[in-house]
Each structure stands twice: as structure tokens, then as C-alpha cells.
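Undergrad: Provided herewith is a single structure, encoded as C-alpha cells, for subsequent inquiry.
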Amino acid sequence: MDHQKLLDTLIPRAWEAAENAYVPYSGFRVGAALLTKDGRIYPGCNIENSAYGPSNCAERTAFFSAIAQGEREFAAIAVVGRFVDGSPAGGDGFAYPCGVCRQVMSEFCHPDHFLVLLESGSGERKVLTLGELLPYGFVLKDQ
Ligand code: THU
């Protein structure tokens, strides 16, 4: 699938997933849509907790849900986020995956082949490889 088709398929699914975010503390909704190599899509949202530490990011929710259902081969993930009042993330407005989520991706995905698709709060889109997001990642086994 070309990048445009991937974006058009996965970005709306990620925004849809963000609607289920449980964010009483940050007020920042994140949604993810994880595409397996054989075409299945697993949604994820962030799920916060009053003790803060147990909170889970949208990307890891999607990965862990897919892994728990037997999936191991992944092609791409779309990640989007904005505050409940509609305002965008800080910086350039993209909700970039955090370092922990990048490391989880690297456990299951090839740095040169796995794509991370992003849409900012203002509708700008970006396609990155996992390797661009996590250069020199720690690995014990190759993908
Ligand atoms: N968050 C994600 O869901 N994914 C990321 O990669 C970065 C941060 C969530 C965690 C928390 O619920 C909220 O965004 C604000 O940090």
C-alpha cells in the first residue's frame, strides 16, 4: 500500500480510537491504529490512572491488544492526539510516540520497514520509519 493510501486508511481510525481515551488527568486524548502485515487493524487509546504511573499510552494499548490476540507481524501505526478542548500538542503539534512506546515498537518491528504515520492537530501529515524515530535502539534479536 502506498503512503497516501495508508494515511487515508489509518489516520481516521486513530482519531476514532482517540474518542475512547480515558484522560481525566492530562485531558490529552491519544489514538492509535496499528496495521498488521496481513491487513488487520487494532485500535488503541491512552488510559490514565489516579496513581499516574500505571497510565498506558495509546500505542502500547494497540500493540498489547494485538499481541494478546496472537499478532506478531506489523506494517504501520498511525498516532494522533489533541487536548479535549481541541487544541494541539505542544511543539509542532504532532503527538509523537514517547520513548517507551518506540522501544516497544522496536521489539516487534523492523526499523527500516515499520512506518509511523502522524497527523498534527492542524491536519499536517508525516510518515516516518521506526528507525528515524529510534536510531541506535537497544535490540537483542533482529526483526
Ligand atoms: N501519551 C500517549 O498515549 N502516547 C505517547 O506516545 C505519549 C503520551 C499519553 C500519555 C498521557 O495519557 C497523555 O498522553 C499525556 O502525556
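Undergrad: Using a Förster distance of 22 Å, how high is the FRET efficiency between Asp142 and Ser65, based on the Cβ-Cβ distance and rounded to 0.05?
TA: That pair, Asp142 with Ser65, gives E of 0.35.
Undergrad: Taking Lys141 as the anchor, which aspartates and glutamates have their alpha carbon closer than 14 Å to its alpha carbon, excluding any fewer than eight residues away along the same chain?
TA: The qualifying aspartates and glutamates are Glu107.
Undergrad: Between Tyr25 and Arg125, what is the FRET efficiency for a Förster distance of 41 Å, r being their Cβ-Cβ separation, to the nearest 0.05?
TA: Calculated value: 0.90.
Undergrad: Ignoring everything but the protein chains, give the 1.4 Å probe accessible area of Ser122 in square angstrom, nearest 10.
TA: 100
Undergrad: Which longest run of the chain has no exposed loop site in it, a site being trypsin sites (Lys or Arg not before Pro) in a DSSP loop with at most 14 other beta carbons within 10 Å, and the site itself not part of the run?
TA: Longest stretch, sites excluded: 73-140.
Undergrad: Per residue, how much accessible area does segment 5-143 have with a 1.4 Å probe, in Å²?
TA: 51
Undergrad: Given a 1.4 Å probe and every protein chain left where it sits, what share in percent of the accessible area of the chain is carbon and sulfur?
TA: Answer for the chain is 53 percent, counting heavy atoms of protein chains only.
Undergrad: Probe radius 1.4 Å, ligands and nucleic acids left out: which of Thr61, Thr36 has the largest accessible area, and how do the rest follow?
TA: Final ranking, largest accessible area leading: Thr61, Thr36.
The values are calculated or read from the model by the stated rules, or taken from the named source; none is laboratory data. Small disclaimer: the values here were computed from a predicted structure and weren't measured. Positions of Cβ are backbone-derived with ideal geometry, glycine not excepted, and every protein chain shown enters the neighbour counts. Just so you know, the surface numbers come from the protein's heavy atoms only, side chains and all, with ligands and any DNA or RNA stripped out. Shrake-Rupley method; radii C 1.70, N 1.55, O 1.52, S 1.80 Å.
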